[in-house]
Every structure is written in structure tokens, then in C-alpha cells.
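Engineer: One structure coming up, written as C-alpha cells, with questions to follow.
The values are calculated or read from the model by the stated rules, or taken from the named source; none is laboratory data. These numbers come from a predicted model, not from an experiment. Every residue, glycine among them, receives a Cβ derived from its backbone with ideal geometry; neighbour counts consider all protein chains shown. With ligands, DNA and RNA removed, areas are computed over all heavy atoms of the protein, side chains included. Shrake-Rupley method; radii C 1.70, N 1.55, O 1.52, S 1.80 Å.
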Amino acid sequence: MNEVTIWLALGAGIISFLSPCVFPLVPAYLAQLTGTTASQNKIKADQRLILLRSLGFIMGFTIIFMLLGASSTFVGQLFSRYNNLVAQIGGIIIVLFGLQMAGVLSIRSLMSEKKLSSKPKKTNSFGGSVMFGLLFAAGWSPCVGLVLGSILTLASQSETMISGMAMLFIYSVGMGIPFLLVAIFYSKSLHKLRRFHKLMPRIQKTGGVVMIIMGVMLFFGYFQMLSSYLAQFVPFSI
């Protein structure tokens, strides 16, 4: 894992956070996590409680995404003898995801959402917030699937399972840090979040263009060449 994939995974996590099924619902998630309500533009809970429950929530979805990363890398290693073919297929998939996000294509099956069949009870403990994070990742993965699928495709190209898990850990950090910032700085002034809503379509389209470029590079083998070139300038590797 090198600097290119690190920044791609981090950016993908941020874009996933800004997706229509995550960012607009952050107040509801915070209310659910703290066992309180959101009224008068603020969460009716102590700031310390909000922070701890948010950390538990982030821990929960990070576990699921890292397991997905490990599984994706494992599958990729099974087909290592067909590495070039797998990379080309992965590049095509990423380009399709990017075209969908950029608004060029409209494939309904790629935009389908899968919500939890039953509404989870409000959490009353740190362990409950971790469990809610686990359920969040399992239930909402299809909603952020365009970006998540692209990162999992890259993870399947990882040489080791640790590297694939690390990529999904960084992806989770990209989702977790904005969530934590909102929880800390905006939980008592939720109305200020509305100013960010108008930026979401632009961010989604920009992310789509980046995915298209990434997919094309992966298909023609330029992505691995770029990664190998930049790896010599990185003082560490995963």
C-alpha cells in the first residue's frame, strides 16, 4: 500500500460520508446513538456522551469494512494467476461506478438502497453504539456501494491481506473523521449543516470523475506503474 492508495481510500471515505444516505441523516444517527432526540437544532445530550458514542459507532463500522477488505484481498489472491484480467475487469467496474456517480449513466441497480428491516432501538451504552455501527455498515453498504466497491476492487489487488485491511481502515477513517467533527462542533447547532448540502452534488460528481480516471488507469496498467513509482518516495509501506 502506497501514498496513492492511501489518499484515494481517505478521499473515498469522505465522499461516502457526504453521500445522500449518510450526511443528511447525521442528526438522526447522533440522536439514535445517544438515546435522545434532536430538537431546536441541537442534540439533547451531553457533549462527552456524544463524543464517546460517536467513537463507538465509528469503531463498529470500521470493523465491518476491514473485514470486507480482508475478504476482497483473499478473493483477489485466489485469482492471482489471472491478475491482469482481474485488474481490467476491476477497471471497467470502477469506470461504470464513476460514470454513475458523475451522472453520465443511470443504472438503477447501482443506486439501490438497502436499509435495515427493523429500526434499531436507541443505544444506551458504548457497546450498543459499537453494535449500531456494525448494523450501519451492514445495512447501508449498498447505499455507499459505488465508492466502497471501487475501494474493495483496489483492495483485491493488494499483495497481502493486511494491506487490504489497512486500505479499508483508512477508508473508514475518511468516513469517521467528518462524522466526529460534526458530532463535536455541530451537534448543538444542526442548522449550520444546511450550508454544506449544496456542495454535495459537486463533490459527488468530482468523485465520479476521479473514479473514472482511476478505472482507466487500472485497466491499462498505469495505476500499478504510478503506485510503484511513487512508492520509492514514501518512507513507509503497508
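Engineer: What's the number of the condition L193 fails, among (1) within 20 Å of L8 (Cβ to Cβ); (2) at pLDDT below 85; (3) not hydroxyl-bearing (S, T, Y)?
Structural biologist: Evaluating L193 over (1) within 20 Å of L8 (Cβ to Cβ); (2) at pLDDT below 85; (3) not hydroxyl-bearing (S, T, Y) leaves (1) as the failure.
Engineer: I'd like the full set of residues that are open to solvent by 20 Å² or more (accessible area, probe 1.4 Å) and not hydroxyl-bearing (S, T, Y), limited to segment 150-165.
Structural biologist: Residues satisfying the conditions are L152, Q157, E159, M161, I162, M165.
Engineer: Does at least one position in segment 37-49 carry a residue that is modelled with pLDDT of 80 or more and either open to solvent by less than 40 Å² (accessible area, probe 1.4 Å) or under 30 Å from S158 (Cα atoms) (or both)?
Structural biologist: Within segment 37-49, one or more residues are modelled with pLDDT of 80 or more and either open to solvent by less than 40 Å² (accessible area, probe 1.4 Å) or under 30 Å from S158 (Cα atoms) (or both).
Engineer: Kindly check whether there is at least one residue in segment 58-69 that is in a helix (DSSP H, G or I) and of a type in the set (G, A, S).
Structural biologist: Yes: one or more hits.
Engineer: Could you go through segment 2-10 and let me know if any residue there is outside any loop (DSSP other than H, G, I, E, B), in contact with a helix residue (DSSP H, G or I) (Cβ under 8 Å, 6 or more places away or on another chain), buried (at least 21 other Cβ atoms within 10 Å of the Cβ) and modelled with pLDDT of 85 or more.
Structural biologist: Yes, segment 2-10 contains a residue that is outside any loop (DSSP other than H, G, I, E, B), in contact with a helix residue (DSSP H, G or I) (Cβ under 8 Å, 6 or more places away or on another chain), buried (at least 21 other Cβ atoms within 10 Å of the Cβ) and modelled with pLDDT of 85 or more.
Engineer: Considering segment 157-203 alone, what residues qualify as being of a type outside the set (A, V, I, L, M, F, W, C) and touching a Gly at 6+ places or on another chain (Cβ under 7 Å)?
Structural biologist: Q157, S158, G164, Y171, S172, G174
Engineer: Also, quick follow-up: Give just the number: which of (1) surrounded by fewer than 16 Cβ atoms within 10 Å (Cβ to Cβ); (2) at pLDDT below 85; (3) farther than 25 Å from L30 by Cβ does F223 not satisfy?
Structural biologist: Checking F223 against (1) surrounded by fewer than 16 Cβ atoms within 10 Å (Cβ to Cβ); (2) at pLDDT below 85; (3) farther than 25 Å from L30 by Cβ, the one that fails is (1).
Engineer: Taking segment 30-88, which residues are under 22 Å from V147 (Cα atoms) and small (G, A, S)?
Structural biologist: G60, G69, A70, S71, S72, G76, A87
Engineer: In this structure, does Q47 turn out to be in contact with a helix residue (DSSP H, G or I) (Cβ under 6 Å, 6 or more places away or on another chain) and among the polar types (S, T, N, Q)?
Structural biologist: Against the criterion (in contact with a helix residue (DSSP H, G or I) (Cβ under 6 Å, 6 or more places away or on another chain) and among the polar types (S, T, N, Q)), Q47 does not qualify.
Engineer: I'd like the residue in segment 78-97 that is at pLDDT below 85 and among the polar types (S, T, N, Q) and, out of all such residues, is surrounded by the most Cβ atoms within 10 Å (Cβ to Cβ).
Structural biologist: N83
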